[in-house]
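Okay, structure first, notes after.
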Amino acid sequence: MSIIRHAGLAASAAAAIFLAAAAAPTEPTPAAPPSAAETAGHPSDVSLPDTKRIPFVSKVNGHGYSIDVYLPATPPPADGYPVVYVFDGDAYFPSVVAVSQADLTSPAIVVGIGYPRDPAWAEAALKTHPNVGGLLAATPPFERAVSLEREYDMSLPGDADTIKSMALAGATMTAADFGGLDNYLKVIETDIKPRIYALAPVDKDRQTLFGHSLGGLAVVEALFTEPNAFHTFVAASPSIWWSNRAVLKSEASFDEAVTSGRATPRVLITVGGEEETMPKLPPEMAKMIPQVKIELAQARMVGNACDLAKRLQALHGAKGYVVEDCAVFPSLSHQLSPWPAIARTFAFTDSE
Amino acid sequence: MSPLHRGALVASAAAALCLAAAAPPPAAAPAPPAPSAAETAGHPSEVSLPDTRRIAFVSKVNGHGYSIDVSLPPVPPPPNGYPVIYVLDGDGYFASMAEAVRLNGNAPQAVVVGIGYPHDPAWPQSVLSKHQPLPPPFAAAPPFDAAFTLSRTYDLTLPADAEVLKANGGGGVFGPQDVGGVDDFLKTIETEVKPRVYALAPVNKDDQTLFGHSLGGLAVVDALFTEPAAFRTFVAASPSIWWSNEAVLKKEAAFDAMITSGKAEPRVLITVAPRKKPYPTCLPRWRRRRPPWKRR
């Protein structure tokens, strides 16, 4: 059982150590007082200026998605706006927009890639994961659907150990719940990019892909398999451990693309300095400590991230190929490391 | 662009950096620029933040208008109530802080309060009328942008005299009457903001945090030195300690005495980016936007 690998369930304190996903509900105990949000009637008074939300069904895999798009209020540069695409948009879009707005150097379009806030979507998505029960069954349908769909979309096929470790108490996960990543990257190319190009003049040579955790794994896979699809790749706390580091099987062909000069991407890899450290768990979770320790050691978040950065830095690529030093953010956990990574993304794109 | 960066109107590049806001208008626009992507799309605001309230009010302390954004946790309160994080320059940093708190599954969920200015068409004129005649760069600016920068500069600063302001406080753009409102602003937080938050949710009054960046960081240092028991935790990010010849440090001795005598035991975090590039790092850029009440 690996509660800690399920982001959607961040309710349980240890949850989301590796997968930090979109907003995570808790399981209210029967006697719990109502939450402040519930008491207030779940208002959404605060909206983000100059944003569009576009739901669609993908031609690639038939799945439903929704993108949030921030449109700069300054005139486009001569070559068009740069674009930053953000995995787990349901979690990070507002923050990336805030940093983009604070960055006076180069106003960028921000695209958060997420899922439709539509009960019909959640119902349909849950039908594609029929075996999932256990702890996950207690979460509201939208959060449950996001948790399952993001794990499908951003993962390579899972080996037996990985699938087993992703199972939640009382739940059965199968190979069909994982391994959608290659299609997901195609969704970005064929369904998402054209929708952005239709909204505003875009500099297609200055596009950035950002992802954290499983999203970081997806960025590494995109880098290795389609290194010319984006100009800049930012893998924040990438889940390289997935399926015995299956993503690294594509590294050799990437190396060849770089050393032959066929690809000259810019790469930034970041990680929180505490991502291999045992988190504080509430007393009721004390019995999980041994399991968490094993998973922390297997995930090797800092080591895997920075080893990859070093290997990529050692490649002799053509002019334009840049790999930043591995950015380790002191005293930050997996859940908090995305925020400085977002700021570093803009510092990196501005430094060109 | 958030109002923070629409803040904009400061004459010198140094001031631009230090006020974390600023960008003067271009000297001469060569040709009419292409419409922005936001303008072409008709300034939609389709993305909203879940479980957020926005509350506008006029402060009884100084008569100025404010608006707070409040993020309400979707989980039941801890037995002692929710912790609270107050964010200065809320128009720039509220959304990020609210998201970071929400996703930090290993901590008790906190109420996040962004402190900003009213999103109301009548508000800018009420500010501008108090600053007549307007300093030249402000007269040419869109009213919301001018009002925002003037309000923020007043609320987050200690007093400074004309000579000092000319030397290091915005190149003479601001006069002594345009700055120095921080004490009243901190009182506004105590008497106008906190009670409104307490009315919304059960709050742990012993676990409240004040966060501010740049001039907001200066305001945090001032709050720490003058009211060290008003918050449990003080976070000063890139504080503008330089303001008015480091005037804020004159209050440090009194704070030291409160600490050493045991009268106050705050938790303090001060952050800044390493000195990598010589400053200023802000490229001047005047970013025009429609005021928020037109962005529907």
| said: Residues that are at pLDDT 95 or above and assigned to a helix (DSSP H, G or I): does the range A:323-338 have at least one? | reply: yes
| Looking only at the range A:65-86, and only at residues there that are of a type outside the set (A, V, I, L, M) and under 21 Å from the mean Cα position of the chain (by Cα), the one that is nearest to the other protein chains (Cβ to nearest Cβ) | A:68
| How many residues does the range B:218-245 hold that are open to solvent by 70 Å² or more (accessible area, probe 1.4 Å), farther than 17 Å from residue B:155 by Cβ and at pLDDT 95 or above? | 2
| request: Return the only residue of B:101, B:70, B:10 being over 19 Å from residue B:186 (Cα atoms), of a type in the set (Val, Ile, Thr) and either at pLDDT 95 or above or open to solvent by 10 Å² or more (accessible area, probe 1.4 Å) (or both). | output: B:101
| said: For the range A:62-86, which positions are in a loop (DSSP other than H, G, I, E, B) and among the hydroxyl-bearing types (Ser, Thr, Tyr)? | reply: A:74
| field | the range A:40-56, subset facing chain B (nearest Cβ under 7 Å) and not in a loop (DSSP other than H, G, I, E, B), residue least open to solvent (accessible area, probe 1.4 Å) | value | A:51
| query | How do the helices (runs of 4 or more DSSP H) wholly within the range A:87-193 filter down when requiring 3 or more residues that are surrounded by fewer than 21 Cβ atoms within 10 Å (Cβ to Cβ) and over 20 Å from the mean Cα position of the chain (by Cα): which remain? | reply | A:119-127, A:160-166
| task | Quick one: which helices (runs of 4 or more DSSP H) lie wholly within the range B:139-196 and hold at least 2 residues that are touching a Pro at 6+ places or on another chain (Cβ under 7 Å) and crowded, with 16+ Cβ neighbours inside 10 Å? | result | B:143-155
| Matching residues in the range A:199-213 - criterion: being within 14 Å of chain B (Cβ to nearest Cβ) and either outside any strand (DSSP E or B) or under 23 Å from residue A:158 (Cβ atoms) (or both) | A:199, A:200, A:201, A:212, A:213
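Being of a type outside the set (Val, Ile, Thr), under 24 Å from residue A:96 (Cβ atoms), open to solvent by 30 Å² or more (accessible area, probe 1.4 Å) and part of a helix (DSSP H, G or I), is that true of even one residue in the range B:123-130?
Kept after step one, since they are of a type outside the set (Val, Ile, Thr), are these residues of the range B:123-130: B:123-126, B:128-130.
Now restrict to residues that are under 24 Å from residue A:96 (Cβ atoms): none.
Scanning the range B:123-130, I find no residue that is of a type outside the set (Val, Ile, Thr), under 24 Å from residue A:96 (Cβ atoms), open to solvent by 30 Å² or more (accessible area, probe 1.4 Å) and part of a helix (DSSP H, G or I), so the answer is no.
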| query | Scanning the range B:79-90 for residues that are at the interface with chain A (Cβ under 10 Å from one of its Cβ atoms) and either among the small types (Gly, Ala, Ser) or in contact with a Pro (Cβ under 8 Å, 6 or more places away or on another chain) (or both), which turns out nearest to residue A:275 (Cα to Cα)? | reply | B:82
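Does residue A:233 count as open to solvent by less than 10 Å² (accessible area, probe 1.4 Å), modelled with pLDDT of 95 or more and either assigned to a helix (DSSP H, G or I) or over 18 Å from residue A:337 (Cα atoms) (or both)?
No.
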| remark: Residues of the range B:104-118 being more than 9 Å from chain A (Cβ to nearest Cβ) and modelled with pLDDT of 90 or more, in sequence order, are B:110, B:112, B:113, B:115, B:116, B:117, B:118
| query | Among (1) assigned to a helix (DSSP H, G or I); (2) over 18 Å from residue B:68 (Cα atoms), where does residue B:133 come up short? | reply | (1)
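Tell me yes or no: at least one residue of the range B:59-78 is acidic (Asp, Glu), free of Cβ contacts under 8 Å to residues at least 40 places away in the same chain and at the interface with another protein chain (Cβ under 10 Å from one of its Cβ atoms).
There is no residue in the range B:59-78 that is acidic (Asp, Glu), free of Cβ contacts under 8 Å to residues at least 40 places away in the same chain and at the interface with another protein chain (Cβ under 10 Å from one of its Cβ atoms).
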| request: Test each condition in (1) modelled with pLDDT of 95 or more; (2) surrounded by fewer than 19 Cβ atoms within 10 Å (Cβ to Cβ); (3) not in a loop (DSSP other than H, G, I, E, B) for residue A:59 and report the one that comes out false. | output: (3)
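The values are calculated or read from the model by the stated rules, or taken from the named source; none is laboratory data. None of the values given here were measured: they were computed from a predicted structure. All Cβ positions, glycine included, derive from the backbone under ideal geometry; neighbour counts span all protein chains shown. Please note that ligands, DNA and RNA were not included when accessible areas were found on the heavy atoms of the full protein model with its side chains. Shrake-Rupley method; radii C 1.70, N 1.55, O 1.52, S 1.80 Å.
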